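Q: Questions regarding the structure given below will be posed in turn.
What follows draws every value from the coordinates through simple rules; no lab data is involved. All values reported here derive from a predicted model rather than from experimental measurement. Please note: Cβ atoms are built from the backbone with ideal geometry, for glycine as well, and neighbour counts cover all protein chains shown.
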Amino acid sequence: MDCIFCKIINGEIPSKKVYEDDTVCAFYDVEPQAPVHVLVVPKEHISSAAFITPENSAVVAHIFEVIAKLAKELGLEEGFRVVNNCGDIAGQTVKHLHFHLMGGRAFSWPAG
Ligand code: 5GP
Ligand code: ZN
């Protein structure tokens, strides 16, 4: 499958990984939008948040456990932002479910 994140997960494309287990992988975004910007992704190819189902949703709960652990390890005690872009209209450019974990600066709301 021609998916950048599947290729990062299986090591075909190099990345700076910060966490990996049986079902989840986390690596630094190549174009960081904050001092800390990590992408947390399921190893299973799920195209977007629109394709989360009762059968595959357990990994999403696990991703949020990983996010909490990474936030602590990466020094984001003051707070952080988690973003999921779903679909072209929301700015999703890679069609493999991923959550942006960003921190190290203040964020405004609502996001543009
Ligand atoms: P999206 O726009 O789909 O929400 O987020 C995709 C993210 O993946 C972007 O922030 C982009 O910088 C990042 N990205 C795209 N290609 C690569 C890559 O090859 N390696 C890494 N580490 N990040 C990538
Ligand atoms: Zn994929």
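Q: How do the strands (runs of 3 or more DSSP E) wholly within segment 1-47 filter down when requiring 3 or more residues that are among the acidic types (Asp, Glu), surrounded by fewer than 12 Cβ atoms within 10 Å (Cβ to Cβ) and at negative phi: which remain? Write out each step before concluding.
A: On the way: elements: 17-20, 24-28, 36-42.
Hits in segment 1-47: none.
Q: Within segment 68-81, is there a residue that is surrounded by fewer than 16 Cβ atoms within 10 Å (Cβ to Cβ), without any contact (Cβ under 8 Å) to a residue 60 or more places away in the chain and under 13 Å from the mean Cα position of the chain (by Cα)? Write out each step before concluding.
A: The initial filter retains those residues of segment 68-81 that are surrounded by fewer than 16 Cβ atoms within 10 Å (Cβ to Cβ), namely 68-69, 72-73, 75, 77-79.
Still in the list and also without any contact (Cβ under 8 Å) to a residue 60 or more places away in the chain: 68-69, 72-73, 75, 77-79.
Filter once more, keeping what is under 13 Å from the mean Cα position of the chain (by Cα): 68.
Yes, that holds for at least one residue.
Q: Let me ask you something else. Take Glu65 and decide whether it is free of Cβ contacts under 8 Å to residues at least 12 places away in the same chain, at negative phi, more than 10 Å from ligand 1 (Cβ to nearest atom) and within 13 Å of the chain's Cα centre (by Cα).
A: Details: free of Cβ contacts under 8 Å to residues at least 12 places away in the same chain: yes; at negative phi: yes; more than 10 Å from ligand 1 (Cβ to nearest atom): yes; within 13 Å of the chain's Cα centre (by Cα): yes.
In short, yes.
Q: Thr23 passes all but one of (1) away from ligand 2 (no atom under 16 Å from the Cβ); (2) of a type in the set (Ser, Thr, Tyr); (3) touching a strand residue (DSSP E or B) at 6+ places or on another chain (Cβ under 8 Å); which number fails?
A: Only one criterion in (1) away from ligand 2 (no atom under 16 Å from the Cβ); (2) of a type in the set (Ser, Thr, Tyr); (3) touching a strand residue (DSSP E or B) at 6+ places or on another chain (Cβ under 8 Å) is unmet by Thr23, namely (1).
Q: List the pairs whose first member sits in segment 31-47 and is farther than 11 Å from Val60 by Cα, whose second member is assigned to a loop (DSSP other than H, G, I, E, B) and of a type in the set (Asp, Glu), and whose Cβ atoms are under 7 Å apart, counting only residues at least 6 apart or on separate chains?
A: His37/Asp29; Val38/Asp29; Leu39/Asp29
Q: Of all residues in segment 82-106 being over 17 Å from Ile8 (Cβ atoms) and touching a residue at least 60 places away in the same chain (Cβ under 8 Å), which is farthest from ligand 2 (Cβ to nearest atom)? Give the steps one after another, and end with the answer.
A: First, pick out the residues of segment 82-106 that are over 17 Å from Ile8 (Cβ atoms): 82-91, 102-106.
Subsequent filtering for residues that are touching a residue at least 60 places away in the same chain (Cβ under 8 Å) retains 102-105.
Details: Met102: 21, Gly103: 25, Gly104: 27, Arg105: 29 Å.
Step by step, filter segment 82-106, then rank; the result is Arg105.
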